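Let me begin by presenting the structure, written as structure tokens, before commenting on it.
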Amino acid sequence: MAQILAIRALGWMAGEEAVWLAFLGASGADAAQVRAEAAQPAMQRAVLAHLLREDDWVRSCAAALGLRPEELAMAAAVLDGQAGRNWT
């Protein structure tokens, strides 16, 4: 489920020019690389991490996908697994 949400979020991001260009700039990837690696957990984590940087992005994406914003955060936590846990 988390992987599916990440891919759906990626689709939303690709349609939002400012968010998309910011992601490409931050990740150093180009559109072809993102497409080629969309099914990879590392890319899915990068997509959700980028999306979660801005509350407005989270709210807009969640609304477009028919989700609660918390579901995107939960998907990111699932994909991060043990590495995403922080006790502080």
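Structural remarks
- Carbon + sulfur, % of accessible area of the chain - ligands and nucleic acids excluded, 1.4 Å: 54 percent
- Multiplying the residue separation of residue 73 and residue 29 by 0.36 nm and removing their Cα-Cα distance gives an extension gain of 13.6 nm.
- Relative contact order of the chain, pairs being alpha-carbon contacts under 8 Å that are 6 or more residues apart, as %: 39 percent
- Packing, taken as the mean count of other beta carbons within 10 Å per residue, orders the peptides 10-19, 45-54, 62-71 from highest to lowest as 45-54, 10-19, 62-71.
The values are calculated or read from the model by the stated rules, or taken from the named source; none is laboratory data. Bear in mind the structure is a predicted one, so any value in this text is a computation, not a measurement. Cβ coordinates were reconstructed from backbone atoms using ideal geometry, including for glycine residues, and neighbour counts include every protein chain displayed. Each accessible area value is taken on the protein alone, full model and side chains, heavy atoms only, with ligands, DNA and RNA left out. Shrake-Rupley method; radii C 1.70, N 1.55, O 1.52, S 1.80 Å.
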